[in-house]
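Right, one structure below, let's go through it.
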Amino acid sequence: MVADIRALSDRSEVRKRLVRRALAPRSLFEGTGGRVYSGIIDAYHGETGLPMDAAATSALDRAWGELLHTEPPPEYADGRLYDKRQPLALRELAAHKLFGRLDAVRPDEVVVCPYSSTVLLEEAVATLARPGGVIVCPEGFYKSAAIHIQKSGLRIVTCPATPDDRFAIDPRALAECLDRYRRSGELCGVALTLPGNPVVARYSREQLLEVARVLAAAGTRVICDMAFDQMVAEHLPIAALEVTTDAGPVRLYDRVLTITGNSKGYNAFGPCKIGAACTGDSEWLDLIRSRLTVAFQRETTHLARAVIEHTPESYFEHNRKIMREQLVRSLELIDGIERRQGRKALRPLGRAEGMFLTVVFDEPMLDAAGIHSGAVLEDLLLIAAGVDSVALDRTGSPRRGVRLNVLAPRKAPRQESRALTDELFDRLERFVERLTGGLTYPAALAEYDLAEVDSVVLP
């Protein structure tokens, strides 16, 4: 178990700012074969770097024009479609498009919020919170989940993923964890990240049913962050399953709150973004709805509606193709490193889908360099290779590895470029060469007069 995940996340953010300031005067980093690169590669961020669909962009232009220069359509005045609390227009679109992989979700089973699905995550967690309570999260969750979950006073407890490179939810470990905290009276709920961030794991239907049976038997509410749904070709939502228990059939849809938005899949931005959640548990939905007190502006509803309504399925298919190509290229580069170095210095986890690649490093190599945790690996990668990444311990995992955005690495915001992928892995190969040649964490710190990452004091 990784302890104090909120503190790890906060410390990581503070440390990155300190290191960037220390590196700024001479931001040159080695590649292989004598190559020298300038600037830090940001493989930490979560942007896709992909444009919105052309038809959605045209519809958005028209919507802006209607708001700024002409007149909106007559339905703009419809008090239900454009309701300030829960606009029906967006609930209908969420039910049919954002939750299209679930079975016939009804608009009255959906709540929406302006700007971000993170708002819904925080409010959903708040409905579960009680003093001394815990939320169980399988190893490998969203890098900032701890910030949003522990905001309500809950503690995150992680349960181990499968020990192999699948990095999937382990039903037995999950059952043991849930049973332990249920018996102690501390269990408040479960938080899942499916289809996966940082790692997209591969599940057969039977494997997912095994997880569903564990959740049903625990009798607790489940929050599922499904924001990356459209990045995976054949994702089966956990809420779509039904299992048989001693008490009879259990429809997971009645236990699970599924949360998503139009940010990642649709590449919406700013005033065009919304969050949405659905469940068959009407009592829970009412509680969440009562907490969503920030009103929708009609303009927000109009803009978000334009994006969702006019984005075709072919857009998601096209983007998934780009993601697969980037991941295949990244895996080819890792294979090349293995051939040249004569060992598996880097090892990918999970399946080749989505926008991230998560890699663990050769453990004896890390031991020799004094890299005892994911946080130290993240720190040394930034200092010695100029690669900004996400340590796996921020995702509840003790594995010494990092998450890399290989879809859209960048050197500055809005300058995402898939062309940086080769440079990214060339820097990583040189990093491996330097570790093999004797580079240690203390030596890299001394070069910049930096203290260890563990010494960072939070404000």
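Computed from the coordinates by the stated procedures, all read-outs in this text should not be read as laboratory data. The structure displayed is predicted, hence computed values, not measured ones. Because the Cβ atoms are built from the backbone with ideal geometry, glycine has one as well, and the counts that use them run over all protein chains shown.
Fully extended, how many nm does the chain gain between ILE322 and LYS151 (0.36 nm per residue separation, minus their Cα-Cα distance)? Present the calculation step by step, with values, prior to reporting the outcome.
On the way: separation 171, 0.36 × 171 = 61.56 nm, distance 3.60 nm.
So the chain would gain 58.0 nm between ILE322 and LYS151.
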Handout entry: Two-site FRET efficiency, LYS344 against THR70, from Cβ-Cβ distance with R₀ of 60 Å, rounded to 0.05
Key = 0.50
Exercise for the section: Please give the calculated 222 nm ellipticity per residue for the chain, where each DSSP H segment of at least 4 residues contributes -39500 (n - 2.57) and the sum is spread over every residue; nearest 500 deg cm²/dmol? Expected result: -11500 deg cm²/dmol
Practice task
Highest first, please rank the peptides 243-249, 109-115, 66-72, 401-407 by the mean number of other Cβ atoms sitting within 10 Å of their residues.
Solution key: 401-407, 109-115, 66-72, 243-249
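If you take every DSSP beta bridge whose two residues both sit in the chain, what share of them, in percent to the nearest 5, is antiparallel?
On the way: 28 of 46 bridges.
Expressed as a percentage, antiparallel bridges in the chain total about 60.
Figure the gain on full extension for ASP165 and GLU363 (residue separation times 0.36 nm, minus the Cα-Cα span) and round it to one decimal in nm. Each step should come with its number before you reach the end.
Working: separation 198, 0.36 × 198 = 71.28 nm, distance 1.44 nm.
In short, 69.8 nm is gained.
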Practice task
Once you have the Kirkwood Rh of segment 314-385 from its Cα pairs, apply Stokes-Einstein at 10 °C and 1.306 mPa s and quote D in µm²/s.
Solution key: 114
Completion exercise
Working note, the chain: Cα radius of gyration (Å, one decimal) and Dmax (Å, whole number) are 22.7, 70
Fill in the blank from the handout: If the chain between GLU242 and HIS45 were fully extended at 0.36 nm per residue, the gain over the current Cα-Cα distance would be 67.3 nm
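At a 10 angstrom cut-off on C-beta neighbours, averaged per residue, how do the peptides 348-356, 5-13 rank from highest to lowest? List each step's numbers first, then the result.
Values: 348-356: 22.0, 5-13: 18.7.
Highest mean packing first, the order is 348-356, 5-13.
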Problem - Under 18 Å from LYS411, Cα to Cα: lysines that are on another chain or at least 8 residues apart - result: LYS16
Exercise for the section: Just the isolated ones, please: cysteines in the chain lacking another cysteine beta carbon under 4.7 angstrom. Expected result: CYS113, CYS137, CYS188, CYS224, CYS272, CYS278
Handout entry: Inter-site label distance for SER314 and ASP4 at 7 Å from Cα along Cβ, in nm
Key = 5.4
Practice task
Report, in whole Å, the centroid distance computed from the Cα atoms of segment 394-459 and segment 338-389.
Solution key: 8
Completion exercise
The number of Lys pairs in segment 54-311 whose alpha carbons lie under 18 Å apart, excluding pairs fewer than 8 residues apart on one chain, is 6
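Taking the alpha carbon gyration tensor of segment 1-116, what are the square roots of 5 times its eigenvalues, largest first, to the nearest whole Å?
Values: eigenvalues 387, 104, 50 Å².
For segment 1-116, the semi-axes come out at 44, 23, 16 Å.
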